[in-house]
Structure formats: structure tokens, C-alpha cells
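Some notes on the structure that comes next.
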Amino acid sequence: MSDFAYLKTQDIYLDAACQSLRPRPVIEALNDYYVNFNSCGERVKYPWGITTDQKVSATRTKVLKFLGLKPRHYFVSFTLNTTYGLNLLLQQFNLGTIKTVVTSDIEHNSPFLSTITFAQKQQITRQIITRNPDGSVDPNNIPPHSLVVLNCAANFDGRKLQNLSAVIKKVHQTGGYIIIDAAQAMAHTVEILRKTEPDAICFSAHKMYAPSLGVIVMRKDFAKHFSTDFIGGGMVDDVNFDTYLLSAENPDHLHTKFEPGLQAWGEIIALGTAIDWLDSLPKSAKQNLQKYTETLYDFLSQHPKIHLINTEPNPTMSFYVEGLDSHLLGAALADQGIMARTGYFCAHYYLDHVMHYPPLIRFSLGYHTRASDIDQLISALSQLK
């Protein structure tokens, strides 16, 4: 695609699951902020600041529209990344009637670790439920009055939480709440999330063709279950000797509940541009990504030495080669300009301790991927004997 024309022919980037490359319009939007109206949002009355406020507000609206959620029910807060967002929520959540925190076996360390510390801090039970090969879960395995934290797409093979709507319904019917880690879904499989209405969604903009940024999307009626322990400028309307008035007391300013201090205004604005870019992608771009994904999947799944983790094509694929250290293979590929991730991809529990896989290598494609990238990759891997 022309929006990635800066990518050199010899550079084959296959680590989009970590962070995607940024298309030219996103880079230009970020540069536009720094060059033309660099200012503090929600604090100033001069023209640059007013422009910033308008564009940041527009991004909040675009996030909700992208997810198919209604602004009268949800609000959007910005933070550092998915990991920070999940920890920010779990460290400030008030238990109420919650008896158990639930996560699954295929989680990234972000929800996996944060639910460990949450259970220890709150002295409640933590339950790990097993995901099916297609990524779904049996909702009946979730106890009543649970706080559930699950991904809707895995970061090592892209398997999706196929029955997300049914899970949300069951959790709500049994007096629980559900927070979704959507980091791996936003770029290519956002459809699985649209109009599902969980209590909160956390994701990272840098995995969906936007700058480095975290996002929390929350039901307005869920916000009352969180204390405000992490606090600072931008969150208060008044401060006295030992009291203060939170801006979030105003329903129109609920987003400030999770936004202490100055925010990454330029990055937020460029996220809005990334959403516009994703919404306007030509059909051919999606078809090409699907074609490249299927071509690579077919090769990996048929190679006699390669043990592919995926059971179906997905832009994110992980594998190991019999008798070959994945880290050495990754280094050898890097010598040929092929950039891929090796190891356990922050999914240590499942990949290492449940499945007992050796360290893996992961290829994650994106809209920047070219036919020549796949040809060169297959050529390099064909040398494996």
C-alpha cells in the first residue's frame, strides 16, 4: 500500500502483533499536532488548545462508533497501554458482591498477572478457565458474582472468543462484571466486539496502526465500582486543604476518572486518524491480507519440520521447527531482513507450562505486508531441511 511506501523493499516486518506500522496519514496527523497546534488539552482557552480539545473529543466519539457502542452508555479514557489500563482498573475496583476473579489459560501476561495481584490483594479466589481450541469458553464454567477478565483474541495464534456475546450475557445474569482485553482484536477482527456491550474494554492503539497509546472504554454505570486512588491534575475541579472535588462527579467528565495528569494529546488525535484510515480501507487491502495469510498458513502447515500452533489461518501465526532453536532461527531470518518475534510472547503460562512448547517464533502480518514479503519468507523457510 502506498501509505507504507517508506518501508524499504529489503525490510520485511512481521511483528505487527507487537505494534503495527503506522500509515502515512497517521504519521502526518501526529506531526500536524506538534507543528501546528501543540498544546495542553482540557486546560487552556487559546486557539491551539481549543483545536486540541475538539480533535481529542472527536477521537473519543470515533472510538465508540468503531466499536458500535452508544455514547449515552459508554465513555472513553486514555492511558499508556492495555497492561496499564487493566492494572489501573483492577487496582481500583471495589469488590461489592464479587466473590471470584476469573481469567483464562490463553491470556497475555497483562490480564494473567493483574488478576493474580488483584486476587491476592482482595483475598478472593482466582479461577482459570480453559478455552476451547476455537477460543470460546463454556459460560457455565464461570461462577456467579465473578469479575471476569478475558481476551477476545489471543496474541500467539489469533484465536477469538467466538461466543463473546453469550459469555457477557451469562456473566451479567449471574451478578458479575466482565472486562475485555481487546489488544489483538482492534486491527483486524473488531467485528467480534461490536455491539457486545461488556462492562469495560482495554486495548492498545499501537496495535491498530495508531501511535503508542492505551484506551479504556467503560460503561458509565460501571464507573461507580472504582475508587480514585491514582489521582492528579486534570481530575479535579477544586482542591481545599484536605478535600477535593472530582471532575468525574460531572457525568460529562467521567473520562477524567482514569486520566491523571497531561495526556498524549497528539497520539490521541492520531488514533482518530487511524480509525478513519481503517474505516476507509479499500476492499482490496483486506483481500490481500487474507490472501497473504492463507498462503503463509498453507506453507507452514504443510512443511514437514514445522509445528504450527494455529489450527486455521490468521494474520498472527506461531510455530517451532523440530530440532532448531527458535531464537537462532529468528536471528538467521533477521540477517535476511525478516523481522519476527521469538519466545513465549508474554503468554508463558499457556505456551510453556500448559502446552510445554519450546520457545516459538511468531509471524504477524498487517496491511503493510506485501506479496514479495511472503515470497521471500517462504523462500527462506524452504531452506529448512
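No lab work stands behind these numbers, since they all come straight from the coordinates. Computed from a prediction, not measured in an experiment: that's the story for all the values here. Cβ placement follows ideal geometry from the backbone for every residue including glycine, while neighbour counts extend to all protein chains displayed.
Highest GNM mean-square fluctuation, the chain, Cα pairs closer than 10 Å: which of Ser204, Ser326, Ser247? Of Ser204, Ser326, Ser247, the Gaussian network model singles out Ser247 as fluctuating most.
You can think of it this way: the chain between Lys220 and Gln287 has 20.4 nm of extra reach, that is 0.36 nm per residue less the Cα-Cα gap. Label sites at Asn132 and Arg72, each approximated as a point 7 angstrom past Cα along Cα to Cβ, lie 3.6 nm apart.
Extension gain Gln54-Leu262, at 0.36 nm per residue separation less the Cα-Cα distance, in nm? Numbers along the way, then the final one.
Numbers: separation 208, 0.36 × 208 = 74.88 nm, distance 1.61 nm.
Going from the current span to full extension adds 73.3 nm.
Checking every one of the trypsin sites (Lys or Arg not before Pro) in segment 288-362 against DSSP loop status and a limit of 15 other Cβ atoms within 10 Å picks out Lys305.
For the pair Thr189 and Asp15, the difference between a 0.36 nm per residue extended length and the Cα-Cα distance amounts to 60.9 nm.
Per DSSP H run of at least 4 residues, take -39500 (n - 2.57); add these up for the chain, divide by its residues and hand me the 222 nm value, nearest 500 deg cm²/dmol.
Counting only the DSSP helices, I get -10000 deg cm²/dmol.
Taking the Cα centre as origin and putting +1 on Lys and Arg beta-carbons and -1 on Asp and Glu beta-carbons, what dipole magnitude results for the chain, to the nearest 20 debye? Walk me through the intermediate numbers first.
Details: 34 positive and 36 negative charges, 137 e Å.
Charge dipole of the chain: 660 debye, to the nearest 20.
Of all aspartates and glutamates in the structure, those lying under 15 Å Cα to Cα from Lys70, and not within fewer than 8 positions of it along the same chain, are Glu197, Asp199, Asp221, Asp252. Of the trypsin sites (Lys or Arg not before Pro) found in segment 5-75, those in coil by DSSP whose Cβ has at most 16 other Cβ atoms within 10 Å are Lys8, Arg43, Lys45, Arg72. Of the DSSP H helices in the chain, those that are both long (alpha-carbon extent of 30 Å or more along the helix axis) and hydrophobic (Kyte-Doolittle mean at least -1.0) are 47-67. When the label point is put 7 Å from the Cα of Leu328 along its Cα-to-beta-carbon vector, which residues of segment 346-360 have a backbone N closer than 17 Å? The answer is 358-360. Positive end of the dipole of the chain (Cβ unit charges, origin at the Cα centre): among Gly330, Ser227, Thr369, the Cα lying farthest that way belongs to Ser227. Charging the Cβ of each Asp and Glu at -1 and of each Lys and Arg at +1, and nothing else, the dipole of segment 49-154 about its Cα centre rounds to 440 debye.
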